[in-house]
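This report concerns only the one structure given below.
The values are calculated or read from the model by the stated rules, or taken from the named source; none is laboratory data. What you see is a predicted model; the values in this text were computed from it and never measured. All Cβ positions, glycine included, derive from the backbone under ideal geometry; neighbour counts span all protein chains shown. Side chains included, ligands, DNA and RNA excluded: accessible areas come from the protein's heavy atoms. Shrake-Rupley method; radii C 1.70, N 1.55, O 1.52, S 1.80 Å.
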Amino acid sequence: MIRFSLTATALLLPQLAQAHPGHHAQASPLHLLTQPDHLATMALITALGAAAWFLLRGRS
């Protein structure tokens, strides 16, 4: 489960930076919380993580 979680995190977190075009080198972490496309991406990642946890928790 831990290996799956680490792999999923490594694959999904870069999507936050690619939520919309533009250079984010000077963007603050607050930018992720104020832009709707970043919020939607974080919600999708959280939902996928929760679904994976729910589906895989009984297999341990």
Inset, instruction - Would you mention how many residues in the stretch 50-59 are in contact with a helix residue (DSSP H, G or I) (Cβ under 9 Å, 6 or more places away or on another chain) and open to solvent by less than 60 Å² (accessible area, probe 1.4 Å)? - result: 2
Legend entry - Those helices (runs of 4 or more DSSP H) lying entirely in the chain with at least 3 residues at pLDDT 80 or above: 29-34, 36-56
Inset, instruction - Filter the stretch 38-49 for residues that are open to solvent by less than 60 Å² (accessible area, probe 1.4 Å) and either over 18 Å from residue 11 (Cα atoms) or among the hydroxyl-bearing types (Ser, Thr, Tyr) (or both) and give the result. - result: 41
